[in-house]
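Undergrad: One structure, pasted below without further comment.
Bear in mind these aren't lab numbers, they're just calculated from the coordinates by the rules spelled out. Computed from a prediction, not measured in an experiment: that's the story for all the values here. Cβ sites come from the backbone with ideal geometry, for glycine too, and all protein chains shown count toward neighbours.
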Amino acid sequence: MMEEMLWFVFVSIGLHFGMVCLLSGFYGFIDHFSLFQDSKFQKKSGHSNPNLTDCVVVLFKNIFIYDLIGLPIIYLALKQRVTFTGPFPTWPEILVHIPLCVIVEDTLFYWIHRLLHTPFLYKHLHKMHHQFHQPIALSFQYTHPIENFMTAGIPLFAGPLLLGSHVYTVWLWMCVRITESMDGHSGYDLWFMPFRYFPFRPGAQVHDYHHSHNVGNYGSFFTLWDKLCGTDHSFKAYKKN
Ligand SMILES: [Zn+2]
Ligand SMILES: [Zn+2]
């Protein structure tokens, strides 16, 4: 069991780090060479952000220190339902499990994120993430470690736990979630990102607006809960103008 836990922890950290390198390289590349400028919706507006070094230090702490602490706890929870051995899961199983994980994640993320905007939790946890008024892809995990566990850990692993997914599905789903989150903070609305075609998601601008105006838009993949709870009114008015 110890060996299996270490394997889960280190493969997860490796994938987490690998996806961050790959996607930050991609967004850095298109930014440096001014590619896809028609898809870049962030305007230079004098918004203040933490500096890049601070951002990378916090992100690396979340990957290499807090993942190392949190993932063994997550492993013990997943162990109750998730399959860690046996053959690769079938594609039909993966194609059913991942959309269900998206729905579970978005629902939990919406309510946890909304909770983080209550005065006490905002002041002590979530305010740090909102120091980015104009987010960049790397700022997706510029978060307090407790918030990181609440918004990146619990919603991510709840779906596989409920469904009893295979660990390979868990890792694939983790890569999808990291891609969506970095895309949502990137400032680009790229036509080839599948997330922009999801129902109830008018593009990457939704979370960007949440950072620049700090009001409403608490969802991750969709805006369904925002629509149902009326927390998208401000964004709708902004889009009309
Ligand atoms: Zn927020
Ligand atoms: Zn954010």
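Undergrad: Translational D (Stokes-Einstein, µm²/s) of region 160-205 at 20 °C and 1.002 mPa s when Rh comes from the Kirkwood sum over C-alpha pairs?
TA: 181
Undergrad: Can you divide the C-alpha Rg of the chain by 2.2 N^0.38 Å and report the result to two decimal places?
TA: Working it through for the chain, the quotient is 1.00.
Undergrad: Sort 165, 12 so that the residue with the fewest other Cβ atoms within 10 Å of its own Cβ comes first and the one with the most comes last.
TA: The fewest-first ordering by Cβ neighbours comes to 12, 165.
Undergrad: Can you find, among 235, 48, 179, the residue sitting farthest towards the positive end of the charge dipole of the chain, where Lys and Arg contribute +1 and Asp and Glu -1 at Cβ?
TA: Going by the charge dipole, the pick is 235.
Undergrad: While we're on this one: I'd like the distance separating the alpha-carbon centroids of region 176-241 and region 96-173, in whole Å.
TA: Cα centroid to Cα centroid, the span is 14 Å.
Undergrad: Follow-up. From the gyration tensor of the Cα coordinates in region 1-106, what semi-axes in whole Å does the equivalent ellipsoid have, largest first, with each one equal to sqrt(5λ)?
TA: Here the semi-axes work out to 34, 20, 13 Å.
Undergrad: While we're looking at this one, here's another question. Specify whether the C-alpha gyration tensor of region 12-62 places it in the rounded, prolate or oblate class, a ≥ b ≥ c being the square roots of the eigenvalues: rounded for a/c under 1.5, otherwise prolate if a/b is larger than b/c and oblate if not.
TA: Oblate is the answer for region 12-62, as a/c is 1.5 or above yet b/c matches or exceeds a/b.
Undergrad: Give me 100, 116 ranked fewest to most by other Cβ atoms within 10 Å of their Cβ, as a rough exposure proxy.
TA: Placing the least packed residue first, the sequence is 100, 116.
Undergrad: Using a 10 angstrom Cβ neighbour count of at most 11 plus a DSSP loop assignment to flag exposed trypsin sites (Lys or Arg not before Pro), which longest range of the chain is free of such sites?
TA: Here the longest segment lacking exposed loop sites spans 45-241.
Undergrad: Filter 40/240; 40/236; 79/127; 127/239; 127/236; 43/240 down to the pairs with a C-alpha to C-alpha distance above 22 Å, please.
TA: 79/127; 127/239; 127/236
Undergrad: Further question on the same structure: Within region 1-96, report the chymotrypsin sites (Phe, Trp or Tyr not before Pro) that DSSP leaves as loop and that have at most 10 other Cβ atoms within 10 Å.
TA: In loop regions of region 1-96 (DSSP not H, G, I, E or B), the sparsely surrounded chymotrypsin sites (Phe, Trp or Tyr not before Pro) are 33.
Undergrad: Treating cross-link reach as a plain straight distance, find the lysines whose alpha-carbon is under 24 Å from the alpha-carbon of residue 123, omitting any fewer than eight places away in the same chain.
TA: Result set, ordered by chain and number: 61.
Undergrad: Sequence gap at least 6, Cα distance under 8 Å: using those rules, report the relative contact order of region 64-187 to the nearest whole percent.
TA: 41
Undergrad: Summing Lys, Arg as +1 and Asp, Glu as -1, what charge do residues with Cβ under 9 Å from the Cβ of residue 41 carry, residue 41 excluded?
TA: Surrounding charge for residue 41 is 0.
Undergrad: Can you tell me the FRET efficiency between residue 36 and residue 127 if r is taken as the Cβ-Cβ distance and R0 is 35 Å, rounded to the nearest 0.05?
TA: 0.65
Undergrad: OK, next. Where nothing but the Cβ of Lys and Arg (+1) and of Asp and Glu (-1) is charged, how large is the charge dipole of region 86-241 around its Cα centre, in debye to the nearest 20?
TA: 420
Undergrad: What's the angle, to the nearest 10 degrees (0 to 90), between helix 2-32's Cα axis and the longest principal axis of the chain?
TA: 30
Undergrad: Do you know the relative contact order of the chain, to the nearest whole percent, from alpha carbon pairs under 8 angstrom that are 6+ apart?
TA: Result for the chain is 26 percent.
Undergrad: Separate question: Which whole-Hz couplings ³J(HN,Hα) result when phi for each residue of region 51-68 is put into the Karplus expression 6.51 cos²θ - 1.76 cosθ + 1.60, θ = phi - 60°, listed in order with x for Gly and Pro?
TA: Ordered by residue, 3J(HN,Hα) equals 6, 4, 4, 4, 4, 5, 4, 5, 4, 5, 5, 5, 7, 8, 9, 6, 5, 5 Hz.
Undergrad: Still on this structure: Please list the non-local residues whose amide H lies under 5 Å from the amide H of residue 166, H modeled 1.01 Å from N, same-chain partners needing a gap of 5 or more.
TA: Sorted by chain and number, the residues that satisfy this are 83.
Undergrad: Further, regarding this structure: What chymotrypsin sites (Phe, Trp or Tyr not before Pro) in region 126-158 are in a loop by DSSP, with at most 12 other Cβ atoms within 10 Å of the Cβ?
TA: Answer by residue number: there is no such site.
Undergrad: Does region 199-241 classify as rounded, prolate or oblate by the C-alpha gyration tensor (a ≥ b ≥ c root eigenvalues; a/c under 1.5 gives rounded; else a/b over b/c gives prolate, otherwise oblate)?
TA: Because its axes are fairly even, with a/c under 1.5, region 199-241 counts as rounded.
Undergrad: Debye calculation, C-alpha points only, no solvent: report log10 I(q)/I(0) for region 161-241 at q = 0.12, 0.17, 0.22 Å⁻¹, in the same order as the q values.
TA: -0.39, -0.72, -1.04
Undergrad: For region 184-241, which chymotrypsin sites (Phe, Trp or Tyr not before Pro) are in a loop by DSSP, counting at most 14 other Cβ atoms within 10 Å?
TA: Within region 184-241, the qualifying chymotrypsin sites (Phe, Trp or Tyr not before Pro) (loop, at most 14 other Cβ atoms within 10 Å) are 191, 192.
Undergrad: Work out the P(r) tail for region 61-141: percent of alpha carbon pairs separated by more than 17 Å, whole number.
TA: Percent of Cα pairs beyond 17 Å in region 61-141: 70.
Undergrad: To test your reading of the geometry: what angle, between 0 and 90 degrees and rounded to tens, separates the Cα axis of helix 167-184 from the longest principal axis of the chain?
TA: 10
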